Amino acid sequence: MVDCNWTSQDGFFDILYQKQFRKMWLLAITLVEKPELAEEVVQDAFVEVLIHIDYLMTVERPDFWLQKTVRNKALHALRERTRDAKRLIELRADGLVDDLAARQLADVEETDSLSHTKQLIVETLTPSEFHLLRRIAMEGASYRTVSEELGISISACQKKVQRIRKKLKKQLSRNNS
């Protein structure tokens, strides 16, 4: 949440930027998987903040608005990459693309598939569930470490992860049907 004691638009923007940039970059990187693209997405989102700053100064949680904007910008960037990849496919079919471009196209297609799965995970899980799963499954933290961070027992931590995995499995099977 952003402090409500700013005196100007500049102060509001500075506070929002300082408190939210890293969080928004982490969200963007989970969606687009490329650090430079994630940074571009977040920068575009902060440009939107400047455009809508009068409105954002009146809302209770501008960080929620910013998070939604980052998601939308990331999805837009992924759609653009997919569109560009399809154009490359058309050029390749016409014999106008070399082997390097073909390998780059394969990389884009694989990244898009992974991005779709990550997007589904982010949309399915609550932020606390995503954090827990990321710490255990992606960062390799021990159940003991994470349970201490969360102030819960190890067995409660294990049970939460089990429920999260079950929830994801169910959602992924729905989407693949």
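Observations
- Listed by first and then second residue, the pairs with beta-carbon distance under 8 Å, at least 6 apart or on different chains, first residue in region 13-35 and farther than 25 Å from E80 by Cβ, second modelled with pLDDT under 90 and of a type in the set (V, I, T), are I15/V2; L16/V2; K19/V2.
- Evaluated against (1) at pLDDT 90 or above; (2) in a helix (DSSP H, G or I), V59 falls short on exactly one condition, (2).
- Residue count for region 53-81 under the criterion of being under 21 Å from S8 (Cβ atoms) and surrounded by fewer than 14 Cβ atoms within 10 Å (Cβ to Cβ): the result is 6.
- Residue count for region 116-173 satisfying the condition of being open to solvent by less than 70 Å² (accessible area, probe 1.4 Å), part of a helix (DSSP H, G or I) and not β-branched (V, I, T): 18.
- Considering residues of region 17-41 that are at pLDDT below 90 and among the acidic types (D, E) only, the residue most open to solvent (accessible area, probe 1.4 Å): E36
The values are calculated or read from the model by the stated rules, or taken from the named source; none is laboratory data. Keep in mind the model is a prediction, meaning the values are calculated, not measured. Here the Cβ is made from the backbone with ideal geometry for all residues, glycine too, and neighbour counts use every protein chain on show. These area figures cover heavy atoms from the full protein model, side chains too; ligands, DNA and RNA do not enter into them. Shrake-Rupley method; radii C 1.70, N 1.55, O 1.52, S 1.80 Å.
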